[in-house]
Amino acid sequence: MESSKKNVSHSNGTGFVGKDTLETIPDVFIIESLSRDYNGDVQGRALESILKGLGRYPRYCDVSSKLELFRALEAFKNSGYRYLHISCHGNIVDDAIIMRNHENVHWKEFADKIAKLKFAKTRLFLSACSCGSTSSLATRLFSAKGHKSIASVLAPDDDIFLDSALLFWTTFYGRICCDQEKMTTSVICDAVVRCQYVCGYEKSFSLYSHDTKCSKIKHHKLVPIGELTYSAPSKWKV
């Protein structure tokens, strides 16, 4: 019988197989759907360039519509990468993210697509305004059929702007991508608050993680408290 694991190759020539978390590539796959500023610059493209300068091997997809987003998610699945970064606008009133063509992608259909693709316990990082302020997306992702696709979701609780977002995410990925081993919730929490402190970023992020053993969602609200500590998580059943 042939193995169900699909061989993938990293840009630096290292071979990986794309099923278990430890066998995925510890690097960033960036999907972006933002309008360009007056210089033609966008957050994700700039992030890609900076991470390459730091010796990383990010991949970048620019999308305009829901259909293109779903195709980019398929490309992420085939890449074998571990970290999925999506940069777009948020619409928490309608439980959606917004594509460049102003098309809403509702969190239910987004979660259903990810569940269908069966990611390998991906860490999802969403650079979209206020999407961390509600547990709706995490609940959708962790309760969907095939819910083991996503291990955690990190998103800002408030509006996030180009310059501050780029500084934060570059510092954050420069830190976590150095860890080739299994990523844990505590590692992400520590990286977030340290990067907030270093960047002078005072607004909070929310990290939602899924404990599949007891079917619980954990929520950390992340902002430095005192000596770079953060509050204990709240928990609830999926």
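Details
- On the principal axes of its alpha-carbon atoms, region 40-108 has extents of 39, 28, 17 Å, going from largest to smallest.
- Its residue count N sets the reference 2.2 N^0.38 Å, and the alpha-carbon radius of gyration of region 178-219 equals 1.37 times that reference.
- Between Asp158 and Leu67, full extension at 0.36 nm per residue minus the direct alpha carbon distance yields a gain of 30.0 nm.
- Dipole magnitude for region 34-109: about 380 debye, using +1 per Lys or Arg Cβ and -1 per Asp or Glu Cβ, origin at the Cα centre.
- Once the gyration tensor of the Cα atoms in region 80-196 is diagonalised, the equivalent ellipsoid follows with semi-axes of 22, 19, 12 Å, ordered largest first.
- Think of a 1.4 Å ball rolled over the protein heavy atoms: region 123-166 then has 35 Å² of accessible area per residue.
- Relative to the current alpha-carbon distance between His102 and Cys199, full extension at 0.36 nm per residue lengthens the span by 31.8 nm.
- With 19 Å as the limit, the listed pairs Lys113/Lys221; Lys116/Lys148; Lys52/Lys148; Lys77/Lys113; Lys66/Lys221 have Lys113/Lys221; Lys52/Lys148; Lys66/Lys221 beyond it between alpha carbons.
- Segment Ile225-Ala75, length gained on full extension (0.36 nm per residue, minus Cα span): 50.1 nm
The values are calculated or read from the model by the stated rules, or taken from the named source; none is laboratory data. It should be emphasised that the depicted structure is a prediction, and the values quoted were computed from it without experimental measurement. When we count neighbours, we look across all protein chains shown, and the Cβ atoms used for this are built from the backbone with ideal geometry, even at glycine. Just the protein is used for accessible areas: all its heavy atoms, side chains included, with ligands, DNA and RNA removed. Shrake-Rupley method; radii C 1.70, N 1.55, O 1.52, S 1.80 Å.
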